[in-house]
Amino acid sequence: MIITIDGPAGAGKSTVARALARRLNFRFLDTGSMYRAVALAALRRGYDWDVPEDLARLARKLEIVVDGDRITVDGEDVSEAVRSTEVTAVTRYAADNPQVRERLVELQRRLAGGDDVVVEGRDQGTAAFPEAECKIFLTAGAEERARRRLGDLQSQGEPVTFEEVLAAQECRDREDASRPVGPLRPAADAVEVRTDGMTLEEVVDRLVVLARKHKASF
Ligand code: DC
């Protein structure tokens, strides 16, 4: 069974998807890390972002393996490296590239196999797994999402203000929604879950109930 979790940046998708997978004994696939991995590889090789064909060729060449929280590219563990601010800033070049998306969606389907898996991203219920049994669109108000992100950044010692985080988030929301291929939007059959004011446990409890509606054996 496949459970897709899509939603905007800062909605808590990764944390929720990981916790849900643990509760249900499913595998967990973080697809954002795959776009980040292509961007990291291109950054290291000094790719010209203005030549989308080169980036697509690189994406097709890389051996990307995702297993829970770990991601390797050509055998190197890049799980931490893909999270850097430098990589975050250029990941849109990979995410906006239709051929890169095609390649990564193909890989996502292969990695999911026929297993029980929670997949998390922007287009999982729409483009990658349109036939998924259970689709969640996880969201929260812009200010709540920015407050959570600010908390994360401040705990990492980054000197940022709430206004800066909110502005950067608005920019990412616009990019995610306006992408010509694989834009962020809820699938017609997705259930929208707004997490404002909810604890992680409350959100996961709600998703377990939704998942059980599709497969009573959990
Ligand atoms: O969720 P994240 O921040 O790790 O995602 C990194 C980037 O990749 C972000 O710009 C959105 C994009 N992305 C995407 O276009 N499609 C996905 N399935 C997952 C992420």
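Below is a table of values for the structure above.
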| item | result |
| --- | --- |
| Only listed residue being closer than 28 Å to A168 by Cα and within 11 Å of the ligand (Cβ to nearest atom), chosen from L43, L104 | L104 |
| Unmet requirement for G46, which otherwise passes all of (1) of a type outside the set (D, E); (2) within 22 Å of P183 (Cα to Cα); (3) outside any helix (DSSP H, G or I) | (2) |
| Yes/no for D115 being under 24 Å from L20 (Cβ atoms), at pLDDT below 95 and over 18 Å from the mean Cα position of the chain (by Cα) | yes |
| Test: R179 is at pLDDT below 95 and among the basic types (K, R) | yes |
| Sole exception among (1) surrounded by 11 or more Cβ atoms within 10 Å (Cβ to Cβ); (2) at pLDDT below 95; (3) touching a helix residue (DSSP H, G or I) at 6+ places or on another chain (Cβ under 9 Å) for D152, by number | (3) |
| Verdict on T126 being closer than 18 Å to G7 by Cβ, in contact (Cβ under 8 Å) with a residue 40 or more places away in the chain, polar (S, T, N, Q) and in contact with a Pro (Cβ under 7 Å, 6 or more places away or on another chain) | no |
| Scan of segment 60-105 for residues that are in a helix (DSSP H, G or I), charged (D, E, K, R) and more than 14 Å from Y35 (Cβ to Cβ), ordered by number | R60, K61, E86 |
| Filtered residues of segment 171-196 (kept if of a type outside the set (A, V, I, L, M), in contact (Cβ under 8 Å) with a residue 24 or more places away in the chain and either closer than 15 Å to I136 by Cα or loosely packed, with under 12 Cβ neighbours inside 10 Å (or both)) | P180, R185, P186, D189, E192, R194, T195, D196 |
| Residue within segment 117-137 that is crowded, with 17+ Cβ neighbours inside 10 Å, out of contact with any Ser or Thr (no Cβ under 9 Å at 6 or more places or on another chain) and under 17 Å from F26 (Cβ atoms) present | yes |
| Complete set of residues in segment 1-43 that are part of a helix (DSSP H, G or I), of a type in the set (A, V, I, L, M), farther than 25 Å from G141 by Cα and in contact (Cβ under 8 Å) with a residue 40 or more places away in the chain | L24, M34, A37, V38, A39, L40, A42, L43 |
| Hits in segment 197-218 (condition: in contact (Cβ under 8 Å) with a residue 60 or more places away in the chain and of a type in the set (A, V, I, L, M)) | L200, V203, V204, L207, V208, L210, A211 |
| Some residue of segment 136-156 being outside any strand (DSSP E or B), free of Cβ contacts under 8 Å to residues at least 12 places away in the same chain and aliphatic (A, V, I, L, M) | no |
| Residue match in segment 194-204 (condition: within 16 Å of the ligand (Cβ to nearest atom), out of contact with any strand residue (DSSP E or B) (no Cβ under 6 Å at 6 or more places or on another chain) and in a loop (DSSP other than H, G, I, E, B)) | yes |
| Of all residues in segment 66-83 being touching a Leu at 6+ places or on another chain (Cβ under 8 Å) and surrounded by 13 or more Cβ atoms within 10 Å (Cβ to Cβ), the one that is modelled with the lowest pLDDT | V66 |
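The values are calculated or read from the model by the stated rules, or taken from the named source; none is laboratory data. Because the structure is predicted, anything quoted here is derived from the model rather than measured. When we count neighbours, we look across all protein chains shown, and the Cβ atoms used for this are built from the backbone with ideal geometry, even at glycine.
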